[in-house]
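**Q** Encoded as structure tokens, here's the structure I'll be asking about.
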Amino acid sequence: MSKISVIGSGFVGATTAYTLALSGIAKTIVLIDINKDKAEGDALDISHGVPFISPVEVYAGDYGDTVGSDIIIITAGAAQKPGETRLDLVKKNTMIFKDIVAKLIKVNDTAIYLIVTNPVDILTYVTYKISGLPYGRVLGSGTVLDSARFRYLLSKHCNIDPRNIHGYIIGEHGDSELAAWSITNIAGIPIDNYCNLCGKVCEKDFREEIFNNVVRAAYTIIEKKGATYYAVALAVRRIVEAILRDENSILTVSSPLTGQYGVTDVALSLPSVVGRNGIVNILELPLSQEEIAAFRRSAEIIKSVIQELDI
């Protein structure tokens, strides 16, 4: 009988609420937005479809309605504009988050806080620091979507079901992220070995092309239609399912690091065990030395931005 509150009823927040309603994972979904009419309209629109899905109560509320929520999902903030990087958003959204999180913690300090707003790694760290919540109870959507994009593009290239492709995008959810090629595999077969077995002659730069398409995916979609929201809503649904079902699933969520690869005082994405209490454990992968160095560079980029913030 789970309750989920979604803060922000823009493209991502509304689509997330709709996706969660379809999933049947929650009994109650609350939409909260500074534009109350928008939240009320989205709640009504979703509610009118309830006769076609599992019973769920969807309504618009305010911060007081987050009481009793198992998970609070924050999607509110300034949207990324065409040509704007996720890091360009940081100061605007940090100010917004300091206000939102302070109000939320006053009424619910027992929920798991799932951050989706960009730049998600920095805002996950900001939320962790200003909320005072225990370690593991604040996490970001991180590179869960990036890893899905990676697997999808590999599936198209290799003509294999993406569910049988195992690979991760780690680090920042943004321009400094990296693909962990050294451990990417298909049915347990390392990607290099699989390329030799499948008989397909791959271009030498196919890895670079696939990775660049992952990194550029959001920019491409924003240029074409103004925002991304369908796939990220599905990624959020997957994280929520792992939490509420206590699945101990391994997902590349973002969370404050505690020394993995020598990195601390920053939130980044690594494969992490996710269960009922949030982050259970962060896994250190057997990465190549080049990948470890790239991961550390990603951490330094995010750290340099965090150090300029007043948190």
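The values are calculated or read from the model by the stated rules, or taken from the named source; none is laboratory data. None of the values given here were measured: they were computed from a predicted structure. A quick note on method: Cβ atoms are made from the backbone with ideal geometry, for glycine too, and the neighbour counts reach across all protein chains shown. Note: areas computed on protein heavy atoms with side chains; ligands, DNA, RNA excluded. Shrake-Rupley method; radii C 1.70, N 1.55, O 1.52, S 1.80 Å.
**Q** Hey, among Ile34, Ile7, which residue is under 20 Å from Ala235 (Cβ atoms) and among the β-branched types (Val, Ile, Thr)? Spell out the reasoning first.
**A** Values: Ile34 fails: under 20 Å from Ala235 (Cβ atoms).
That would be Ile7, the only listed residue that is under 20 Å from Ala235 (Cβ atoms) and among the β-branched types (Val, Ile, Thr).
**Q** Another question, then. In the range 258-272, what residues are in contact with a strand residue (DSSP E or B) (Cβ under 7 Å, 6 or more places away or on another chain) and either surrounded by fewer than 20 Cβ atoms within 10 Å (Cβ to Cβ) or β-branched (Val, Ile, Thr) (or both)? Working first, answer last.
**A** Taking the range 258-272 and keeping what is in contact with a strand residue (DSSP E or B) (Cβ under 7 Å, 6 or more places away or on another chain), we get 258, 260, 263-264, 266-272.
Scanning the range 258-272 gives Thr258, Gln260, Val263, Thr264, Val266.
**Q** Moving on. Please give the number of the condition Ile4 fails out of (1) open to solvent by less than 20 Å² (accessible area, probe 1.4 Å); (2) assigned to a loop (DSSP other than H, G, I, E, B).
**A** (2)
**Q** Next question, about the same structure. Identify, please: which residue in the range 18-40 is in contact (Cβ under 8 Å) with a residue 60 or more places away in the chain and in a loop (DSSP other than H, G, I, E, B) and is, among those, farthest from Gly68 (Cα to Cα)? Quick ask: steps written out before the conclusion?
**A** So the first thing to find is which residues in the range 18-40 are in contact (Cβ under 8 Å) with a residue 60 or more places away in the chain, and the list is 18-20, 23, 25-26.
Still in the running and in a loop (DSSP other than H, G, I, E, B): 25-26.
Details: Ile25: 16, Ala26: 13 Å.
Step by step, filter the range 18-40, then rank; the result is Ile25.
**Q** Can you tell me which residue within the range 234-255, out of those that are outside any helix (DSSP H, G or I), of a type outside the set (D, E, K, R) and open to solvent by 10 Å² or more (accessible area, probe 1.4 Å), is farthest from Val120 (Cα to Cα)?
**A** Step one: list which residues in the range 234-255 are outside any helix (DSSP H, G or I), which gives 245-255.
Next, only the ones that are of a type outside the set (D, E, K, R) stay: 248-255.
After this cut, where a residue has to be open to solvent by 10 Å² or more (accessible area, probe 1.4 Å) as well, the list is 248-251.
Numbers: Asn248: 22, Ser249: 20, Ile250: 19, Leu251: 15 Å.
The selected residue is Asn248.
**Q** For the range 124-165, give me each residue that is over 19 Å from Lys200 (Cα atoms) and not in a helix (DSSP H, G or I).
**A** Matches in the range 124-165: Gly132, Leu133, Pro134, Tyr135, Gly136, Arg137, Val138, Leu139, Gly140, Ser141, Gly142, Thr143.
**Q** Take the range 202-233 and flag every residue that is more than 21 Å from Ser176 (Cβ to Cβ) and in a loop (DSSP other than H, G, I, E, B).
**A** Within the range 202-233, Cys202, Glu203, Lys204, Gly226, Ala227, Tyr229 qualify.
**Q** Test Asp65 against the criterion of being touching a strand residue (DSSP E or B) at 6+ places or on another chain (Cβ under 6 Å) and among the acidic types (Asp, Glu), and give yes or no. Show your work before the answer.
**A** Values: touching a strand residue (DSSP E or B) at 6+ places or on another chain (Cβ under 6 Å): yes; among the acidic types (Asp, Glu): yes.
Taking the combined requirement at face value, the residue satisfies it.
**Q** If only one of Asp109, Asp121, Asp175 is in contact (Cβ under 8 Å) with a residue 12 or more places away in the chain, acidic (Asp, Glu), crowded, with 24+ Cβ neighbours inside 10 Å and not in a strand (DSSP E or B), which one is it? If you could, list the steps in order and put the result at the bottom.
**A** Working: Asp109 fails: crowded, with 24+ Cβ neighbours inside 10 Å; Asp175 fails: crowded, with 24+ Cβ neighbours inside 10 Å.
None of the others qualify; the one that does is Asp121.
**Q** Take the range 41-65 and flag every residue that is outside any helix (DSSP H, G or I), touching a Ser or Thr at 6+ places or on another chain (Cβ under 8 Å) and open to solvent by 30 Å² or more (accessible area, probe 1.4 Å).
**A** Within the range 41-65, Glu57, Tyr59, Ala60 qualify.
**Q** Consider Lys38 carefully, then state whether it is open to solvent by 10 Å² or more (accessible area, probe 1.4 Å), farther than 20 Å from Leu244 by Cβ and out of contact with any Asp or Glu (no Cβ under 6 Å at 6 or more places or on another chain). Working first, answer last.
**A** Numbers: open to solvent by 10 Å² or more (accessible area, probe 1.4 Å): yes; farther than 20 Å from Leu244 by Cβ: yes; out of contact with any Asp or Glu (no Cβ under 6 Å at 6 or more places or on another chain): yes.
When the stated conditions are applied, Lys38 passes them.
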